[in-house]
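The values are calculated or read from the model by the stated rules, or taken from the named source; none is laboratory data. None of these values were measured; they are calculated from a predicted model. We place every Cβ from the backbone using ideal geometry, glycine too, and count neighbours over all the protein chains shown.
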Amino acid sequence: MRSPQAFFSRRSLLKGAGASLLALGARPALAATPDAGFTTLRARKASAQLLPEAEPATEVWAYEGMVPGPILRVPQGKSVKALLRNELDQDTSIHWHGIRIDNAMDGVVGLTQNGVKPGEDFAYEFTAPDAGTYWYHPHNRSWEQVARGLYGVLIVEESDPPQVERDIALVVDDWRLNEAGAIDEASMGSLHDRAHAGRLGNVLTLNGADIWEQPVRSGERIRLRLISTANARIMRLRLEEHNPWLIALDGQPVTPSPLAGGEIRLAPGQRADLMIDMELDPGSSAAISEVSAQGRLVAGHFLYHESEVVRSQPLDAPIALPAGKLPERTDTQGALEVPLLMEGGAMGGLTGAVYKGELLGIQELARNHGMAWAFNGIAGRTPEPLFEVEKGRPVVLRMVNETSWPHGIHIHGHHAQVFAPGEATPWRDTHLLDPQEEVAVAFVADNPGKWMIHCHMLEHQAAGMGTWFHVKG
Ligand code: C2O
Ligand code: CU
């Protein structure tokens, strides 16, 4: 097997030189507008060229057979209508990650809906209240279904977006493939991955391509919507030779700030919107690389047109997004305080936890149930919520990572901001905690229903790091 720790090394590092500007697949965008009816998303088996052309294609599971799946675009405040058709051999669903959605449409099998059985359909219809960059993926055996390629991008458009020449969604993923170029099934769901970092891949793709190539012209301004759909790897993407500005995180606008070193760190599920002025000379090429593993892996290029120049001075127009709907600061007066203690994993010293109402030792948890982690001493989702809160009440969730591993904690149905009194911190739906880190986040529980809180390292979620809360209303 290829080592999951280091990326596949046979790939060419500078394929960009001399590449044609023609083969640069623009992905089709499907409009999900109210009067266009439902967009069909068939979850099915397909073949994708994840490796370089000379290597075999990979059998994947994908929406409409595409990796990533179709890009859905909808104007802010309008409804998204998507018809999921399950052409797989196991149950599935669609979760609309980051959308402050109607609970019935949240897609969590066993909590907000039943699994959609093979051969069956499910119609998702909901309003997207916030503009920004979101994504969709199954919420049933997501550690397997996302790893096999089931995910797509949902863009909710501002009515008055900043002016750009190109608006590009860029999905980063890592895959664990075997020597034959197939999804490595032998290690799927392995206890080792579940108790360590999760399933790390050995092949990196941008928009499903081994090397992603984007034609540009000197002087263009580009909005780049980065989305990490990795099961477990914390990506560090570097936009080389440019000076990108960060304008949104997890869909929500932030005060624009320059990206130090052109680098952004994305936990699984997180997004970042960047503004980039293409300041190099005609004919140049610049790399997009991933630097989380040892060394620098070139994953794509901006390829400048030989002669065309759009403007010679950077565009003199604001890059900030229109303000979002969430306030600058959460009013935490009267907040419900909730501790969330994260324990377990390899080198974690967890001795036992409650599983399905029974206190079990760590050996039994791991061997008999595949559990390796606990929230507040409990492994896995329980029939009772972690907490209940009346609609409209603020919540301060005090997360403490007592493990030796990082975790990206995702809250459904709400965005939360790091609780720092007096400061306006970014609103995120997924917060990354490094080992031994403590982070308190605050939000107003204004969306009634049953909402998950879980680690988005999908093997961790499957191995115990998943709970839920109830907003009564
Ligand atoms: Cu992106 Cu509960 O998931
Ligand atoms: Cu985790």
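Assuming D429 fulfils every condition listed in (1) within 16 Å of L341 (Cα to Cα); (2) within 16 Å of ligand 2 (Cβ to nearest atom); (3) out of contact with any helix residue (DSSP H, G or I) (no Cβ under 7 Å at 6 or more places or on another chain) apart from one, which condition is it?
(1)
For region 390-411, indicate whether the set of residues that are among the hydroxyl-bearing types (S, T, Y), buried (at least 21 other Cβ atoms within 10 Å of the Cβ), modelled with pLDDT of 95 or more and within 16 Å of ligand 1 (Cβ to nearest atom) is non-empty.
Checked region 390-411: no residue is among the hydroxyl-bearing types (S, T, Y), buried (at least 21 other Cβ atoms within 10 Å of the Cβ), modelled with pLDDT of 95 or more and within 16 Å of ligand 1 (Cβ to nearest atom).
Looking only at region 164-186, decide whether some residue is over 25 Å from L50 (Cα atoms), in contact (Cβ under 8 Å) with a residue 60 or more places away in the chain and touching a strand residue (DSSP E or B) at 6+ places or on another chain (Cβ under 8 Å).
The answer is yes, given that some residue of region 164-186 is over 25 Å from L50 (Cα atoms), in contact (Cβ under 8 Å) with a residue 60 or more places away in the chain and touching a strand residue (DSSP E or B) at 6+ places or on another chain (Cβ under 8 Å).
Going by the structure shown, is L359 in contact with a strand residue (DSSP E or B) (Cβ under 7 Å, 6 or more places away or on another chain), within 16 Å of ligand 2 (Cβ to nearest atom) and farther than 30 Å from I222 by Cα?
no
Kindly list, by first and then second residue, each pair from a residue in region 72-90 that is without any contact (Cβ under 8 Å) to a residue 40 or more places away in the chain and under 15 Å from H137 (Cα atoms) to a residue that is among the β-branched types (V, I, T) and buried (at least 19 other Cβ atoms within 10 Å of the Cβ), limited to pairs with Cβ atoms under 6 Å and residues at least 6 apart or on different chains.
Within 6 Å, no pair qualifies.
Please indicate, with yes or no, whether at least one residue in region 415-426 is acidic (D, E) and within 12 Å of ligand 2 (Cβ to nearest atom).
For region 415-426, residues acidic (D, E) and within 12 Å of ligand 2 (Cβ to nearest atom): absent.
Within the set of pairs 6 or more residues apart or between chains, which connect a residue that is closer than 15 Å to G198 by Cβ and within 16 Å of ligand 2 (Cβ to nearest atom) inside region 131-159 to a residue that is of a type in the set (K, R) and not in a strand (DSSP E or B) with Cβ atoms less than 9 Å apart?
Close Cβ pairs (under 9 Å, with a partner that is of a type in the set (K, R) and not in a strand (DSSP E or B)) amount to W143/R194; W143/R199; A147/R176; A147/R199.
Here is a list: T430, T403. Which entry is of a type in the set (V, I, T) and within 16 Å of the chain's Cα centre (by Cα)?
Only one candidate passes the filter, namely T430.
Out of all the residues in region 126-141, which are touching a helix residue (DSSP H, G or I) at 6+ places or on another chain (Cβ under 7 Å) and either among the β-branched types (V, I, T) or surrounded by fewer than 24 Cβ atoms within 10 Å (Cβ to Cβ) (or both)?
The one that is touching a helix residue (DSSP H, G or I) at 6+ places or on another chain (Cβ under 7 Å) and either among the β-branched types (V, I, T) or surrounded by fewer than 24 Cβ atoms within 10 Å (Cβ to Cβ) (or both): F126.
I want to confirm something. Restricting to region 439-462 and keeping residues that are away from ligand 1 (no atom under 15 Å from the Cβ) and either under 21 Å from the mean Cα position of the chain (by Cα) or surrounded by fewer than 24 Cβ atoms within 10 Å (Cβ to Cβ) (or both), which single residue is nearest to P339 (Cα to Cα)?
A440
Keeping to region 251-270, report how many residues are among the charged types (D, E, K, R) and in a loop (DSSP other than H, G, I, E, B).
Counting residues in region 251-270 that are among the charged types (D, E, K, R) and in a loop (DSSP other than H, G, I, E, B) gives 0.
Assuming R100 fulfils every condition listed in (1) farther than 18 Å from G69 by Cβ; (2) free of Cβ contacts under 8 Å to residues at least 60 places away in the same chain; (3) buried (at least 19 other Cβ atoms within 10 Å of the Cβ) apart from one, which condition is it?
Every condition holds for R100 apart from (2).
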